[in-house]
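Any read-out appearing in this document is the output of simple, stated calculations on the displayed coordinates, not a laboratory observation. Source: prediction; values computed, not measured. Cβ placement follows ideal geometry from the backbone for every residue including glycine, while neighbour counts extend to all protein chains displayed.
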Amino acid sequence: MKQLNILSSMLLALLLAGTVPAFSQEEEKAAPQEQPAEKPAPERPQQQQKPEPQPEQPQVKPQQQEEKRQQQEQKQEQKQEQKDNQQVQKEQKQDEKNDAKNAKQERVQRGGHIPDDQFRAHFGRQHTFRINRPVIVEGTPRFQYGGYTFVIVDPWPAGWSYSDAVYVDFINGMYYLCDPLYPGVQLTITVLG
């Protein structure tokens, strides 16, 4: 549609440019009959040449302006596409994080529960033990203590050793493996029922 408008504008400008020299030629023919002694002919062809570039310049300017406008629109579209792609990537990363978090919560929630009297008798800060070597079952590390099997959900923290004295704690409905040498660092675990 835009190209059709540009093409019709160019055609109209060419028609107008063609009529201007035709009228000036008729005036030239009429002028030599009245004043044959004068020699303004060399000047008039120069005048005829001047009006022709003027109509072409307005044609060139709208074309250049249209091209610039189209280029700007393309740049804006590209920028918008880049922003959209970045937004999609951010959303995908967030979805992946949420999926991982949900999977972790599901693994934790699937775990069993240790009765309170047994927990107080075998677990908590006052009952430390050493894991030494966890057993890997189906790609998941496990260990046994106090008659229960625990699955390690989180990755093993840097600086912790399997020979460190650790204890199992129950905080806000979830079981954690804690190392007294690294207070504040808790490793999420689940109890296999």
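Here are the numbers for the structure shown:
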| item | result |
| --- | --- |
| Spin-label model distance (nm) - Asn132 vs Leu7, 7 Å beyond Cα toward Cβ | 8.8 |
| Share of alpha-carbon pairs per 5 Å distance bin for segment 116-192, given as whole % | 3, 15, 30, 30, 16, 6, 1 |
